[in-house]
């Protein structure tokens, strides 16, 4: 309850700050949208040359992409660790966080909250609806609770992976280039994994499980039975990876050495 | 009741050695060498509730590292630690509800929003009930005269204004132990005085325990009954400010200006039975150092009583805390002082 209250307080403050820098806000929203649009156009271009990609039709790939956007929007709204190392380790703002009575990681999430990210989720849902109707998917009632469940699980997987990687900055003083690299790898997750070779499939399934934030859960709605068991593995992967993330974070915080005087 | 208890506390950092030149840098890339640096080295002290204790030492002596361990930010390498009934780094979230922290060099407030909004957010973070918050805020705002600043964004405040707001931010939840890391750094004398007065009142009215680090010894003189002095991670002095002065103060310096020449041997014979030491730049100017246990007037009487010595001016100067501390820093040790220079160790 205390933590939910804090989310609203920080959101309120976010709004107040953003009203001071309105132009900045719109630039961010528009550049976000353009980025999503360019990704989508890329898919259309590919399917301009072929009808099927590893057994997936254009509408199915677009549907998977739509699903991929929903948890990613949620993740980028609430979990933004891009400049963690710079801001909290090098500049020492972690000191301040650690002297406040709320879980430190949660405070960092709140301080970097970014509601425009949710716009991506909304667009993702629209894409799913449009491509779903092109595929003549039968909409059944359980789509909604399962969609919510899988969205949350997928966001947990993202969060787990990124906090594990970010906690490395407690050990090394200089910011590592690993986060940008990760953002590149995660982009593979928005296409059906079966189009890649075995090694990449393995990587995206078990090591950096970005397949679980896109194609596996989405396949459940598409009725692709060959991936059914993988789809239902999503919640388990979410629990495992979030746990790994939080444990390595907590170990990292103990190693925090502070900055400067 | 003890507010802070520290036993054999140490913190060592691994610092990587950088080899010289490009070749060295390339070698560093593959095999790193590390040095172990003890920022805090086996210190023990305890502070009773309601005390104001000053924590001083040169830059890099380990003051901030200690404060960061006491506030739960850093995990100690070894040693025991108890602050307000908690082990800080183990029960961090519960523990920090009872403490207030001000880092003079770092802001607790949100840069872009009004001061009052920051306070409101902190109220939620600390879970202070609305009623208590209002009462406490009114009290603090009135005491620190913040009235017209409350709606301004933090980035538009002057350093002095910001510092007063930082204090309020750290005290809104009415902590029983307050840590201040260089709270008066960079402030003008008026704001400094104001802040000292405020801290003193808070200590008296609420019985707040205060531990502060500073480089401004006037802070210590104005506030602290006790000082802990640190050098290279070790405590070199722990005790009252008065004791520090009487133990290491070099006594009183009396400077004479003579109208007619008065040679040094003459002065020395006048006070030959007293443990004082004379120095003279020339025959018209002499200085005598009177140790603390001796009466200055005794020495004065010997000189002034001589009718053939024409004195035009006498100046009496007490050794200031600044001088004492500078002496201790320079010699590097006060307690174990094996090779102290000057008169320092002879009094210890």
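The values are calculated or read from the model by the stated rules, or taken from the named source; none is laboratory data. Everything numeric here is computed off the predicted structure, so don't read it as measured data. FYI the Cβ positions are ideal-geometry reconstructions off the backbone, even for glycines, and counts take in every protein chain you see.
Report, by residue number, each residue of the stretch B:29-67 that is within 13 Å of chain A (Cβ to nearest Cβ), part of a helix (DSSP H, G or I) and surrounded by fewer than 13 Cβ atoms within 10 Å (Cβ to Cβ).
B:29
Note down all Cβ pairs under 9 Å where the first residue falls in the stretch A:211-232 and is on the phi > 0 side of the Ramachandran plot, the second is modelled with pLDDT under 90 and surrounded by fewer than 23 Cβ atoms within 10 Å (Cβ to Cβ), and they're at least six residues apart or on different chains.
Between residues of the stretch A:211-232 that are on the phi > 0 side of the Ramachandran plot and residues that are modelled with pLDDT under 90 and surrounded by fewer than 23 Cβ atoms within 10 Å (Cβ to Cβ), the close pairs are A:223/A:137; A:223/A:138.
Out of the residues in the stretch A:73-91 that are surrounded by 19 or more Cβ atoms within 10 Å (Cβ to Cβ) and within 13 Å of chain B (Cβ to nearest Cβ), state the one that is nearest to residue B:173 (Cα to Cα).
Here is the first cut: in the stretch A:73-91, the ones surrounded by 19 or more Cβ atoms within 10 Å (Cβ to Cβ) are A:73-79, A:81, A:84-85, A:88-89.
Within this subset, residues satisfying the condition of being within 13 Å of chain B (Cβ to nearest Cβ) are A:88-89.
On the way: A:88: 24, A:89: 27 Å.
Within the stretch A:73-91, the match that is nearest to residue B:173 (Cα to Cα) is A:88.
Looking only at the stretch A:99-109, which residues are closer than 20 Å to residue A:7 by Cβ and within 12 Å of another protein chain (Cβ to nearest Cβ)? Please lay out each step first, then the result.
At the first step, the residues of the stretch A:99-109 found to be closer than 20 Å to residue A:7 by Cβ are A:100-109.
Result: A:100, A:101, A:102, A:103, A:104, A:105, A:106, A:107.
Right, residue A:70: more than 14 Å from chain B (Cβ to nearest Cβ) and free of Cβ contacts under 8 Å to residues at least 40 places away in the same chain or not?
Numbers: more than 14 Å from chain B (Cβ to nearest Cβ): yes; free of Cβ contacts under 8 Å to residues at least 40 places away in the same chain: no.
Judged against the criteria, residue A:70 is not a match.
For the stretch B:177-205, enumerate the residues that are surrounded by 16 or more Cβ atoms within 10 Å (Cβ to Cβ) and under 18 Å from residue B:51 (Cβ atoms). First the steps, then the outcome.
Let us first name the residues in the stretch B:177-205 that are surrounded by 16 or more Cβ atoms within 10 Å (Cβ to Cβ), namely B:177-185, B:187, B:191-192, B:194-196, B:198-199, B:202-203.
Scanning the stretch B:177-205 gives B:177, B:178, B:179, B:180, B:181, B:183, B:196, B:198, B:199, B:202, B:203.
So, restricting to helices (runs of 4 or more DSSP H) that lie completely within the stretch B:98-215, which ones have at least 3 residues that are without any contact (Cβ under 8 Å) to a residue 60 or more places away in the chain, under 18 Å from residue A:96 (Cβ atoms) and within 14 Å of chain A (Cβ to nearest Cβ)? Give the derivation first.
Numbers: elements: B:115-126, B:130-144, B:159-171, B:189-206.
Answer list for the stretch B:98-215: B:115-126.
Test of understanding: among A:171, A:183, A:158, which residue is surrounded by fewer than 16 Cβ atoms within 10 Å (Cβ to Cβ) and closer than 29 Å to residue A:6 by Cα?
On the way: A:171 fails: closer than 29 Å to residue A:6 by Cα; A:158 fails: surrounded by fewer than 16 Cβ atoms within 10 Å (Cβ to Cβ).
Just one listed residue meets the conditions, A:183.
Checking residue A:7 against (1) at pLDDT below 90; (2) in contact with a helix residue (DSSP H, G or I) (Cβ under 8 Å, 6 or more places away or on another chain); (3) within 14 Å of chain B (Cβ to nearest Cβ), which test does it fail?
For residue A:7, the failing item is (1).
Has the stretch B:227-247 got any residue that is under 30 Å from residue B:143 (Cβ atoms), in the same structural domain as residue B:58 (by TED's automatic domain parsing) and surrounded by 19 or more Cβ atoms within 10 Å (Cβ to Cβ)? Spell out how you get there, then give the answer.
Taking the stretch B:227-247 as the starting set, the residues that turn out to be under 30 Å from residue B:143 (Cβ atoms) are B:227-228, B:240-242.
From what's left, in the same structural domain as residue B:58 (by TED's automatic domain parsing): B:227-228, B:240-242.
Subset that is surrounded by 19 or more Cβ atoms within 10 Å (Cβ to Cβ): B:227-228.
Looking for residues that are under 30 Å from residue B:143 (Cβ atoms), in the same structural domain as residue B:58 (by TED's automatic domain parsing) and surrounded by 19 or more Cβ atoms within 10 Å (Cβ to Cβ), one finds at least one in the stretch B:227-247, hence yes.
With (1) farther than 15 Å from residue A:245 by Cβ; (2) free of Cβ contacts under 8 Å to residues at least 12 places away in the same chain as the list, and residue A:191 as the residue in question, which single condition is left unmet?
Only one criterion is unmet by residue A:191, namely (2).
If only one of B:84, B:24 is assigned by TED's automatic domain parsing to the domain that holds residue B:225 and either in contact (Cβ under 8 Å) with a residue 24 or more places away in the chain or on the phi > 0 side of the Ramachandran plot (or both), which one is it?
Within the list B:84, B:24, the selection yields B:84.
So residue B:88 ticks every box in (1) within 14 Å of another protein chain (Cβ to nearest Cβ); (2) under 20 Å from residue B:220 (Cβ atoms) but one. Which box is left unticked?
(2)
Restricted to the stretch A:212-251, and to residues that are surrounded by fewer than 18 Cβ atoms within 10 Å (Cβ to Cβ) and within 14 Å of chain B (Cβ to nearest Cβ), which residue is nearest to residue B:76 (Cα to Cα)?
A:251
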